[in-house]
Amino acid sequence: MKKYFDNLSLRIGALSLMLFALATSCTPSNDRPTPEPINLEPPTVYVINSGGQGKANASIDAYAPDRKRLIREVFNKTNGIKLGDTAQSGSFFGNDLYIVVGNSNVIYRLNPKTMKRTGQLEIESPRYIYFVSSDKAYVSHLGSGDITIFNPRTMETTGKITTYQSAIQGAGKFDLSTEEWLKVDDKHVLVSCWSNNSKVLLIDTTQDKVVKEIEVGLQPKSMDMDKNGKVWVLCEGQSWVGKNPTIWTIDSKVNYAAHQVGGEITKFKDLMYPATSHLRMNLAKDAFYFFNAPHVFKMNITDKEIPATPFVNMPSNCNTYSLAVAPNGDLYIGDSKDNKQEGTVYRYSADGQKLDSFSVGVLPIDFVFYVKK
């Protein structure tokens, strides 16, 4: 009799284990995944996918151009958590990769090889980072006229820079912003004031203070410097109120004088998302690219008028959303399609020849290049 009950107990135990295994195999897929080891080597292109606003589906994909190899959602796989809501930008400093996730109000510091988190900073509506030194960095914001100062080693806030926007009474969230950064020299940096603004600010990094306000076109965002030290600014305008995009220069050697180059940029008709954005210099810094959706244009720094003929003709249904120039001169162009489904990245050579394309996450917004030092 005892042997019978012992066998019965074993059967019940085995059945319990089977039921437990079955239950755990049916765990919902949105539960936290088990982290997977990842070992990324340069050259690698990190594609920062913004994801839909309020959808919490931001992600990072890793692409190896020499092998045409793509690994999807590397942050999620390594850390066992989702990246968050509305990723905005990424940047390297030292041996670390920093990812800004705007609606999640967080900046992550990552190991670029393993993609594991090594630090994070909780901060309201961050946009882009400018690294002043190993212990000081600036963060731009949407919805605030101030600039946050933080220590990238400790990932702690250490101060702020106030701007003219701090004194604006009754301003809404989209009336206050600082956006993209551009280094002028070892003591000065420019930051664009994008949303509903028309200024670029010059900051003295030794004083952490705005020392000049430069008036340009409506909604300045992306900036870059040519081989002669002249700054080029793409002002995105507001086409819905009849203000088309424009291109401006700022002379960093002559009191930061600003001038518009050529006329307005005319948007293409019958597009669902007619964006004009992302001014990026080529490697020689004697010409720059920008997109006027859906196409990509190239303009020499000696040109007096805006080019009318595209440098890269994109498909008419391409929702061009991002553009970057790789360290080898290749162009990376992000297509966000309908802003809901997965996007596509196109890679072109510096002479405009298509090299590759691959699927990525929702709304590819930025590219970060991991190269050998």
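Any read-out appearing in this document is the output of simple, stated calculations on the displayed coordinates, not a laboratory observation. Owing to the predicted nature of the structure, the values given are computational and were not obtained by experimental measurement. Heads up, the Cβs are rebuilt from the backbone with ideal geometry, glycines too, and the neighbour counts pull from every protein chain shown.
Observations on the model:
- Proximal lysines relative to K77, as straight alpha-carbon distance under 16 Å, when same-chain residues fewer than 8 apart are discounted: K113, K116
- Three principal axis extents describe the C-alpha atoms of the stretch 122-264; from largest down they are 46, 38, 21 Å.
- Candidate cross-link partners of K298 among the aspartates and glutamates, defined by an alpha-carbon separation under 19 Å and a same-chain spacing of 8 or more, comprise D224, D226, E236, E264, D286, D330, D335, D351.
- Between N105 and K212, full extension at 0.36 nm per residue minus the direct alpha carbon distance yields a gain of 35.6 nm.
- Straight Cα distances below 16 angstrom link K243 to the lysines K199, K221, K267, K269, with same-chain residues fewer than 8 positions distant left out.
- Size of electric dipole in the stretch 73-186: Cβ of Lys, Arg +1 and of Asp, Glu -1, about Cα centre, debye, nearest 20: 460
- Computed Kirkwood radius, in angstrom, where 1/r is averaged over Cα pairs of the stretch 192-263: 12.6
- The residue list T266, L201, T309 was ranked by how far each Cα lies along the charge dipole of the stretch 173-312 toward its positive end, using unit charges on Cβ atoms, and T309 comes out on top.
- Judged by the mean number of other Cβ atoms found within 10 Å, the most tightly packed of the peptides 226-235, 269-278, 286-295 leads the ranking 286-295, 226-235, 269-278.
- Diffusion coefficient of the stretch 279-373 by Stokes-Einstein, Kirkwood radius over Cα pairs, 20 °C, 1.002 mPa s: 156 µm²/s.
- Computed from phi, the 3J(HN,Hα) profile of the stretch 287-299 under the Karplus parametrisation 6.51, -1.76, 1.60 (θ = phi - 60°) reads 7, 9, 10, 7, 10, 10, 3, x, 8, 10, 10, 10, 10 Hz, with x in place of Gly and Pro.
- Mean residue ellipticity, 222 nm, helices only, the chain: the sum of -39500 (n - 2.57) across DSSP H runs of n ≥ 4, divided by residue count and rounded to 500, is -2500 deg cm²/dmol.
- Debye intensity ratio in log₁₀ form over the Cα atoms of the stretch 34-107, taken at each q of 0.16, 0.18, 0.25, 0.26 Å⁻¹: -0.57, -0.72, -1.23, -1.28
- Label-point separation, S349 to N196 (7 Å along Cα→Cβ), nm: 4.8
- Net lengthening on full extension, E122/A308 (0.36 nm per residue, minus Cα-Cα): 62.6 nm
- Dipole in debye (nearest 20) - the chain, about Cα centre, beta carbon charges: Lys, Arg +1; Asp, Glu -1: 1060
- Estimated FRET transfer efficiency (R69, K340; beta-carbon r; R0 35 Å; 0.05): 0.85
- Taking only Cα atoms of the chain, radius of gyration then Dmax in Å: 23.8, 101
- Residue (of V368, T148, S322) at the positive-pole extreme of the chain, dipole from beta-carbon charges: V368
- Computed over the chain: relative contact order in percent, which uses C-alpha pairs under 8 Å that are six or more apart: 12
- In the stretch 246-313, the ratio of gyration radius to Kirkwood radius, Rg to Rh, stands at 0.99 when only Cα atoms are counted.
- Axis angle, to the nearest 10 degrees, between helix 2-25 and the longest C-alpha principal axis of the chain: 10 degrees.
- Put a dot 7 Å past the Cα of T158, heading toward its Cβ, do the same for K187, and the two dots end up 1.9 nm apart.
- Efficiency of FRET between Q260 and E36 - r from beta-carbon atoms, R0 45 angstrom, step 0.05: 0.30
- Between the C-alpha center of the stretch 222-266 and that of the stretch 295-347 there is a gap of 18 Å.
- Once backbone amide H atoms are built at 1.01 Å from N, K337 has N319, T344 as its partners under 5 Å, excluding neighbours fewer than 5 places away on the same chain.
- Between K253 and S359, residue separation times 0.36 nm minus the direct Cα-Cα distance comes to 33.8 nm.
- In nm, spacing of pseudo-spin labels at S316 and D286 (7 Å Cα→C-beta vector): 3.7
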